[in-house]
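Report on one structure; see the data block that follows.
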């Protein structure tokens, strides 16, 4: 059941309990009804047994009038399944008198250790009849003193008990099946209705992650309201932490820039001093390092914000117009093919910084043309979101594998004649990594460099 939903687990658990309870209840009711049917059958047999004992105790009646008061025609029908038998046990001959239905057969004697014994001294048990029928038989020894000792037995066809019990089981099974279906349908309704607020919270959180909402809105049941309240408090606390981090980063940037500016000005006042030149060189390195790490801190703070979404196509189009103006003197044509449904799970400023670095590099090295393509790819794994792929191609000279590895490192420049600090691609790599994406460099179909930026989408 791993990975299944809460509703599924609750439904399966409820179903299992319903089935177990109905089965146990059915077994108990069937057993109770069978016992009741046996008791009713036994009362009928005991009535015949007492009547026979009364007949044995009044032997003065003519033989043709004896045992006529039973009133059961089945005792007269051969091998009908209903029998009585009287055996005299105080003589060696064991004189036997029996119903016509026994024909020339005999009923077995019940052993005390195998039979049930009632308080009245009556033994009863299921036995096999003359024709293989299953019989319910009662038996009682009678001592008439000088008139003799007798063993009186009465047996009836137990098929009546079995048929009644089986008929009851059929009706009981049908009733419980209908009851089980009703209970399961009720359980489904209760599970769906009871878990609806949790599903609403899940959908609301998904809206917050995708940028369609900022908080959990709406009324929730009393049991769920604390969860919604604490979730909103967590979102607010996250935003406050991010804002404080931004403030600290900005303060740190100002605090460091001022001493660096003083050092640079002092060193610049002595251009002929080798020591001053060395200080200027190292302060440039320090500025690059500070700018790089402050940028990373600023980006990391922004990435932690939940619910920011950026439309990609308008951002790329605005970037195209800006780059065409910047590189107007070189006549670089920039072509864009962007999926209008593409959305980036992050801030527009970060998207523009990553894509802008890639397009700017492409324009610097292109001969005449840069091509930008934006694709939306399906989720790479179940439960993940779609992926956004931004491809930037140029028709320049391209880069070898070694050069591609070199330019991805911070501060590395292949051509000092091109403007820039060498931090562009490293910033793209770092920023993409913070968002869970990556940058790949390869060969473009136009002969130049291809840069593929993969980012989380919506």
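Worth pointing out:
- The set of residues from the stretch 145-159 being surrounded by fewer than 18 Cβ atoms within 10 Å (Cβ to Cβ) and modelled with pLDDT of 90 or more comprises just one member, 159.
- The one condition from (1) over 30 Å from residue 14 (Cα atoms); (2) in contact with a helix residue (DSSP H, G or I) (Cβ under 8 Å, 6 or more places away or on another chain) that residue 207 does not meet is (2).
- Check on residue 194, out of contact with any strand residue (DSSP E or B) (no Cβ under 9 Å at 6 or more places or on another chain), loosely packed, with under 12 Cβ neighbours inside 10 Å, more than 20 Å from residue 79 (Cβ to Cβ) and outside the structural domain of residue 36 (by TED's automatic domain parsing): no
- Some residue of the stretch 241-254 being more than 30 Å from residue 198 (Cα to Cα) and loosely packed, with under 11 Cβ neighbours inside 10 Å: yes
- Qualifying residue in the stretch 393-414 (condition: in a strand (DSSP E or B), modelled with pLDDT of 80 or more and either surrounded by 17 or more Cβ atoms within 10 Å (Cβ to Cβ) or in contact with a helix residue (DSSP H, G or I) (Cβ under 6 Å, 6 or more places away or on another chain) (or both)): yes
- Residue 355 vs. criteria modelled with pLDDT of 85 or more, closer than 14 Å to residue 455 by Cα and either assigned to a helix (DSSP H, G or I) or touching a helix residue (DSSP H, G or I) at 6+ places or on another chain (Cβ under 9 Å) (or both): yes
- The combined condition, being touching a helix residue (DSSP H, G or I) at 6+ places or on another chain (Cβ under 6 Å) and either more than 30 Å from residue 28 (Cβ to Cβ) or assigned to a helix (DSSP H, G or I) (or both), is fulfilled by residue 150.
- Some residue of the stretch 320-335 being surrounded by 15 or more Cβ atoms within 10 Å (Cβ to Cβ), modelled with pLDDT of 90 or more and within 30 Å of residue 207 (Cα to Cα): no
- Residues in the stretch 434-449 that are over 42 Å from the mean Cα position of the chain (by Cα) and not in a strand (DSSP E or B): 5 in all.
- Here 216, 185, 198 are screened, and the one residue that is in a helix (DSSP H, G or I) and either in contact with a helix residue (DSSP H, G or I) (Cβ under 6 Å, 6 or more places away or on another chain) or within 30 Å of residue 341 (Cα to Cα) (or both) is 198.
The values are calculated or read from the model by the stated rules, or taken from the named source; none is laboratory data. Keep in mind it's a predicted model, so treat the numbers as computed, not measured. Reconstructed Cβ throughout: ideal geometry from the backbone, glycine too, with neighbour counts over all protein chains shown.
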